[in-house]
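Down below is the structure, laid out as structure tokens.
The values are calculated or read from the model by the stated rules, or taken from the named source; none is laboratory data. Treat the numbers as computed from the prediction; the structure is a model and nothing was measured. Quick reminder, even Gly has a Cβ in these numbers, built from the backbone with ideal geometry, and neighbours come from all protein chains shown. Only protein heavy atoms, including side chains, enter the accessible area calculation; ligands, DNA and RNA are left aside. Shrake-Rupley method; radii C 1.70, N 1.55, O 1.52, S 1.80 Å.
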Amino acid sequence: MVSKGPLLRLLTAINRRRMKLLMGLAFIAYVASVWGNFVNMRSLQENGEQKVESKIEEAVAPLREKIKDLEKSFTQKYPPVKFLSEKDRKRILITGGAGFVGSHLTDKLMMDGHEVTVVDNFFTGRKRNVEHWIGHENFELINHDVVEPLYIEVDQIYHLASPASPPNYMYNPIKTLKTNTIGTLNMLGLAKRVGARLLLASTSEVYGDPEVHPQNEDYWGHVNPIGPRACYDEGKRVAETMCYAYMKQEGVEVRVARIFNTFGPRMHMNDGRVVSNFILQALQGEPLTVYGPGTQTRAFQYVSDLVNGLVALMNSNVSSPVNLGNPEEHTILEFAQLIKKLVGSRSEIQFLSEAQDDPQKRKPDIRKAKLLLGWEPVVPLEEGLNKAIHYFRKELEYQANNQYIPKPKPARMKKGRTRHN
Ligand SMILES: O=C(O)[C@H]1O[C@H](OP(=O)(O)OP(=O)(O)OC[C@H]2O[C@@H](n3ccc(=O)[nH]c3=O)[C@H](O)[C@@H]2O)[C@H](O)[C@@H](O)[C@@H]1O
């Protein structure tokens, strides 16, 4: 018989080794599976992250495009502006720069590449007239009344601030006087301090109801100093006097433009002057209101001609007054008929009582401007009127579309109380 002892020991030793081997294999398998899971999870996570990233990208891409479009629209939103070197670029102040003439002058000087500061108290001026420049690096808009002093650094001052339409300047005659006297003194004081050249927007009204026809710059005028137009007429006359006092006493460089009747886009709907009144009346089928018999005469220039004349005068060496106007003269009745025809309106013409101290005839003699500035108006009357008619047609549409007509909402009951939204 073979003894069990050594055999049993042998078998036990083999089993232990197997067990160790098996356990070793099991451990390796475990480590491998843990590693595999880890690798799987990583790749799953990476896939997931990629998917999330691509989802975000999908959502963001159109936004990115929109931002690009917005950026483009910001850089393209201004009218094109010339580049001027530091030497040629001027710092220009326009008082009344948000008004009818002032805003067209702002456009011209901005597009020529200058730095423009507009000062306006918004009595007759409107932000809308210059809003297309707001934010431009060469443009600044200041809400300020020239009756108060102003301290800024400028090279040129176009002093236009004053209501110009008879109903507007007669609305508050004392304010009109202050604007044209104290306001002009303040601007001349500024010109003196900073060594700027000042152009005064004077008027054909300095000739009053003229006894000389056409009016040349040597005519002293025929103004009623205590009539309803005096606040403006005499205000502008003394403003001219101030300019020449500052020139002689303080050496301030001055330019004086005597502006004749002007019309064009951006005249206020309630301006009250004849061209805007007739166009609006014709467009709305209302009677065209002629004050008096309509035999009084005027000569109308289009606003772009005036703006070119103002810039030419400012940059000339002519310090004495210069008439700027279009010498094509018509009676007011002729204007009414022409505007009716151009609008294609069937409005009647209504004769109302004559306005007090209304100048009976007016026509500029522009030989001085032609000779010394090389300037004359180039826009034919009918072409200008058609542009103004187009503008007022659009304004009427704009007003109709923007009219806010509040609709009363029904009252809602809450906890026994009536609540209005
Ligand atoms: O348009 C301008 O630039 C000028 O306007 C006014 O001068 P004025 O000639 O009296 O201007 P309007 O009020 O347009 O009047 C022109 C003529 O038309 C008449 N008119 C005016 C309005 C109207 O509805 N109907 C009418 O017959 C007036 O009585 C006047 O005879 C200002 O006083 C001037 O400073 C300014 O330069």
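Could you list all residues from the range 191-205 that are closer than 17 Å to residue 119 by Cα and outside any helix (DSSP H, G or I)?
Within the range 191-205, 196, 197, 198, 199, 200, 201 qualify.
I'd like to know if the range 378-391 contains one or more residues that are closer than 30 Å to residue 317 by Cα, at pLDDT 95 or above and away from the ligand (no atom under 16 Å from the Cβ).
yes
Mind checking which pairs have a first residue in the range 284-297 that is part of a strand (DSSP E or B) and a second that is hydrophobic (A, V, I, L, M, F, W, C) and within 6 Å of the ligand (Cβ to nearest atom), Cβ under 6 Å, 6 or more apart or different chains?
290/332; 291/355
Please count how many residues of the range 167-177 are within 10 Å of the ligand (Cβ to nearest atom) and surrounded by 20 or more Cβ atoms within 10 Å (Cβ to Cβ).
1
Determine, yes or no, whether residue 123 is open to solvent by 60 Å² or more (accessible area, probe 1.4 Å), among the aromatic types (Phe, Trp, Tyr) and either in contact with a Pro (Cβ under 7 Å, 6 or more places away or on another chain) or at negative phi (or both).
When the stated conditions are applied, residue 123 passes them.
What is the residue count in the range 107-166 for residues that are of a type in the set (Phe, Trp, Tyr) and more than 16 Å from the ligand (Cβ to nearest atom)?
Result for the range 107-166: 4.
This table checks each residue for (1) in a helix (DSSP H, G or I); (2) touching a Gly at 6+ places or on another chain (Cβ under 8 Å).
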| residue | (1), (2) |
| --- | --- |
| 157 | no, no |
| 168 | yes, yes |
| 176 | yes, yes |
| 182 | yes, no |
| 189 | yes, no |
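Looking at 308, 326 in this structure, which one is at pLDDT 95 or above, more than 9 Å from the ligand (Cβ to nearest atom), open to solvent by 50 Å² or more (accessible area, probe 1.4 Å) and on the phi < 0 side of the Ramachandran plot?
Testing whether each residue is at pLDDT 95 or above, more than 9 Å from the ligand (Cβ to nearest atom), open to solvent by 50 Å² or more (accessible area, probe 1.4 Å) and on the phi < 0 side of the Ramachandran plot leaves just 308.
Could you identify the single residue in 153, 86 that is touching a residue at least 12 places away in the same chain (Cβ under 8 Å), out of contact with any Ser or Thr (no Cβ under 9 Å at 6 or more places or on another chain) and open to solvent by 40 Å² or more (accessible area, probe 1.4 Å)?
So the residue among 153, 86 that is touching a residue at least 12 places away in the same chain (Cβ under 8 Å), out of contact with any Ser or Thr (no Cβ under 9 Å at 6 or more places or on another chain) and open to solvent by 40 Å² or more (accessible area, probe 1.4 Å) is 153.
Please determine, by comparing only the residues of the range 231-265 that are among the charged types (D, E, K, R) and open to solvent by less than 30 Å² (accessible area, probe 1.4 Å), which one is farthest from residue 382 (Cα to Cα).
Residue satisfying both the conditions and the ranking: 240.
Tally time: how many residues in the range 357-373 are away from the ligand (no atom under 16 Å from the Cβ) and touching a helix residue (DSSP H, G or I) at 6+ places or on another chain (Cβ under 7 Å)?
The qualifying residues number 1.
Report yes if some residue within the range 223-230 is closer than 26 Å to residue 352 by Cβ, within 12 Å of the ligand (Cβ to nearest atom) and either open to solvent by 50 Å² or more (accessible area, probe 1.4 Å) or in a helix (DSSP H, G or I) (or both); otherwise report no.
Checked the range 223-230: at least one residue is closer than 26 Å to residue 352 by Cβ, within 12 Å of the ligand (Cβ to nearest atom) and either open to solvent by 50 Å² or more (accessible area, probe 1.4 Å) or in a helix (DSSP H, G or I) (or both).
Do you know which of the residues in the range 133-180 that are touching a helix residue (DSSP H, G or I) at 6+ places or on another chain (Cβ under 8 Å) and aromatic (Phe, Trp, Tyr) is farthest from residue 242 (Cα to Cα)?
133
Residues in the range 284-303 that are more than 8 Å from the ligand (Cβ to nearest atom) and open to solvent by less than 40 Å² (accessible area, probe 1.4 Å): how many?
5
Within the range 340-351, is even one residue at pLDDT 95 or above, among the aromatic types (Phe, Trp, Tyr) and either part of a helix (DSSP H, G or I) or within 15 Å of the ligand (Cβ to nearest atom) (or both)?
Yes, the range 340-351 contains at least one residue that is at pLDDT 95 or above, among the aromatic types (Phe, Trp, Tyr) and either part of a helix (DSSP H, G or I) or within 15 Å of the ligand (Cβ to nearest atom) (or both).
Quick check: is even one residue across the range 190-212 acidic (Asp, Glu), open to solvent by less than 40 Å² (accessible area, probe 1.4 Å) and farther than 30 Å from residue 83 by Cα?
yes
Name the residue, out of 237, 255, that is assigned to a strand (DSSP E or B) and either more than 29 Å from the chain's Cα centre (by Cα) or more than 15 Å from the ligand (Cβ to nearest atom) (or both).
The unique qualifying residue is 255.
Taking the range 329-338 as the search range and keeping residues that are more than 11 Å from the ligand (Cβ to nearest atom) and in a helix (DSSP H, G or I), which one is least open to solvent (accessible area, probe 1.4 Å)?
Going through the qualifying residues, I end up with 338.
Kindly check whether there is at least one residue in the range 266-283 that is near the ligand (Cβ under 10 Å from one of its atoms) and surrounded by fewer than 18 Cβ atoms within 10 Å (Cβ to Cβ).
Within the range 266-283 (the criterion being near the ligand (Cβ under 10 Å from one of its atoms) and surrounded by fewer than 18 Cβ atoms within 10 Å (Cβ to Cβ)), the answer is yes, since at least one residue qualifies.
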